[in-house]
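First comes the structure, then the notes that go with it.
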Amino acid sequence: MRSSLKVLLLTLCCSSAFAAADRTVGPNGEIPTSYTQVKLAAPDVAQLKGKNYKAAILMHTTSDFSTALIAGAKKVFDELGIKVVAVTDAEMDPKKQRTDLETVLALKPNIIISLVIDPVSGAVAFKQATQQGVKLVFISNAPQGYKAGKDYAGIVTDDLFGMGKAAAELMADSIGSKGDVAVMHHAANYYVTNQRDNAVKAVLARYPNIKVVADKGIANPNDGEVIASAILTQNPSVKAIYAPWDAIAEGVTAAVRAAGRKDVKVITMDLGAANALDMVKGGNVAGIVSDLPYDMGKTLATMGAMSLLNKPTPAFVTVDAIKVTSANLSTQWQKALFRQPPDAVVKALAAKK
């Protein structure tokens, strides 16, 4: 999972069946709406400006993902004349998130954007905001029992099936669509990673000459190297390994190197400096799938603004998945995170030219 959710995914459980159809579904089975459909008309913008509306952004942690999302949200709020009165970091602690919320509510924001760390305790905490008439927009999940259109404007998240599909395609491309591969899936009941991992397996099954010879669950991202080592020992024919997110991929890459297997390709989700550098230098990492947190932030802010005008908002919105390779890394990094890659990666890219 993207870096911002590494710890969250080990503790957060949401129930939702994986959709058989080739599309992402929400935590309660919601049908997705593309982020490109979430727009404000010119008269709406004019109606919002000069009203001294205020917004707050309550993040779960600090990361590249969070920074890009905040930047996207601030851009839209600035364009609408909505003042951002607070940006908080709950440090992956539901209790701190509740304290942050209480502190922020004293500033009387009209809109709050947040990723709820614990849907159960969050249901109680965010009730304070709904009672004050604050418009809520959530990232990836909502407090337990909350209803879209009543308690909150909507959820904005990734195209989860699209991310899994892209990862499977990158894996197939890396081995010429032929050979044995291994899949590591997130061993937790969390609909975000469950949909991504299941999509990887569903799409790989469409390749007649690719065989998944190992499918191993992983709960602790620190176990990536150990599990990958076991996969390689038990299945020496493996030509590629899928890792659920970047921290796990770092361990997988370490295991592959230790085994002296320069031929084994590693595919993962989410942009991370270590994996990007390995890919640019021609190492084992052959492809990375990313979401678009900057665009996610812009969409969240737009949803909040629409709800201020009492305009209908989609219950579940997804942003696109993008494929990242050594050939397009610089462009895709900018597109996803709205900034240049780390200096070490930039230097490695320049050295290739």
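The values are calculated or read from the model by the stated rules, or taken from the named source; none is laboratory data. All values derive from a computational prediction rather than experimental measurement. As a convention, Cβ positions derive from the backbone with ideal geometry for all residues, glycine included, and neighbour counts pool all protein chains shown. SASA here: full protein model, heavy atoms, side chains in, ligands and nucleic acids out. Shrake-Rupley method; radii C 1.70, N 1.55, O 1.52, S 1.80 Å.
Brief remarks follow.
- For LYS239, neighbours were defined as the other residues whose beta-carbon sits under 9 Å from its Cβ, and their charges (Lys and Arg +1, Asp and Glu -1) total 0.
- By the rule of a C-alpha distance below 21 Å, with chain neighbours fewer than 8 residues away ignored, the lysines paired with LYS150 are LYS39, LYS54, LYS108, LYS127, LYS135, LYS311.
- Per DSSP, loop trypsin sites (Lys or Arg not before Pro) in the range 112-166 with at most 14 further Cβ within 10 Å: LYS147, LYS150
- Estimated FRET transfer efficiency when R0 is 45 angstrom, pair LEU309-ALA254 (beta carbons, to 0.05): 0.30
- Here the simple spin-label model places points 7 Å from the Cα toward Cβ, and for ILE31 and VAL85 these points are separated by 3.8 nm.
- Taken per residue, the accessible surface of the chain reaches 40 Å², heavy atoms only and a 1.4 Å probe.
- Taken along the Cα-to-beta-carbon direction at a fixed 7 Å, the label points for ALA351 and LYS75 span 3.2 nm.
- Inter-part distance where the range 167-242 and the range 78-108 are each reduced to a Cα centre, Å: 38
- Working note: Karplus 6.51/-1.76/1.60 with θ = phi - 60° gives the range 311-327 the couplings 8, x, 10, x, 5, 9, 10, 10, 9, 5, 9, 10, 8, 10, 10, 4, 6 Hz, where Gly and Pro are set to x.
- Placed amide H near VAL87: partners under 5 Å, 5+ positions off or other chain: ILE57
- Each residue of the range 175-186 is assigned a 3J(HN,Hα), and the resulting list reads 10, x, 6, 8, x, 8, 9, 10, 10, 10, 10, 6 Hz, derived from the Karplus form 6.51 cos²θ - 1.76 cosθ + 1.60 (θ = phi - 60°), x at Gly and Pro.
- Calculated FRET value between GLN234 and SER177, using beta carbons and R₀ = 25 Å, to 0.05: 0.60
- Amide H to amide H distances under 5 Å link LYS265 with ALA240, ILE241, where only residues 5 or more positions off or on other chains count and H is placed in the peptide plane.
- Cβ-Cβ distance of LYS51 and ALA123, R₀ of 45 Å, FRET efficiency by 1/(1 + (r/R0)^6): the value works out to about 0.90.
- Taking amide hydrogens as placed 1.01 Å from N in the peptide plane, the amide H of PHE316 sits under 5 Å from those of THR33, ILE155, each at least 5 positions away in sequence or on another chain.
- Rounded to the nearest 10 degrees, the inclination of helix 293-308 to the longest alpha-carbon principal axis of the chain is 20 degrees.
- Taking label points 7 Å from Cα along the Cα-to-Cβ direction, ALA42 and ASN209 give a separation of 5.5 nm.
- Extension gain (nm, one decimal) between ASN222 and LYS150, 0.36 nm per residue minus Cα-Cα: 21.9 nm
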